[in-house]
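What follows is a short report on a single structure.
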Amino acid sequence: GGFIAVAPRVNGDGVRYSISPALPARLALDPASGLVSGFVGEDAGSRTYAVEAANAAGVLRMTLTISVSAAPPAACATG
């Protein structure tokens, strides 16, 4: 796992963000900026989230996929 920081680019005033399903414990969404940041887990795999940006003008829906690659195998000692 490692640190990530991803933010959408949405124009408009008073935009509030939400995400579904809930992010894992070490990741967080800032509802005012849409920034998703924190540490991804060690488990390999992908997970897709639905992100909504909403204000008085309407709702914009987008997806965010976070993928964690499997760690490479440890170096083997030769002798």
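Observations, loosely collected:
- Accessible surface, 1.4 Å probe, highest first, among residues 42, 52: 42, 52
- Relative contact order (percent, whole number), the chain, Cα cutoff 8 Å, 6+ residue spacing: 30 percent
- When its C-alpha radius of gyration is set against 2.2 N^0.38 Å (N residues), the chain gives a value of 1.43.
- Share of carbon and sulfur in the accessible heavy-atom surface of the chain [1.4 Å probe, %]: 55 percent
- Cα→Cβ-extended label distance, 7 Å offset, between residue 44 and residue 32, nm: 4.0 nm
- Full extension of the segment from residue 55 to residue 4, taken as 0.36 nm per residue of separation minus the current Cα-Cα distance, would add 15.8 nm.
- Assuming charge only on the beta carbon of Lys and Arg (+1) and of Asp and Glu (-1), the dipole of the chain about its Cα centre is about 100 debye to the nearest 20.
- A 1.4 Å probe run over the protein chains yields, for the chain, 71 Å² of accessible area per residue, whole-number rounding.
The values are calculated or read from the model by the stated rules, or taken from the named source; none is laboratory data. Since the structure is predicted, the reported quantities are computational estimates derived from the model, not experimental observations. As a convention, Cβ positions derive from the backbone with ideal geometry for all residues, glycine included, and neighbour counts pool all protein chains shown. The area values use the complete protein model at the heavy-atom level, side chains included, leaving out ligands, DNA and RNA. Shrake-Rupley method; radii C 1.70, N 1.55, O 1.52, S 1.80 Å.
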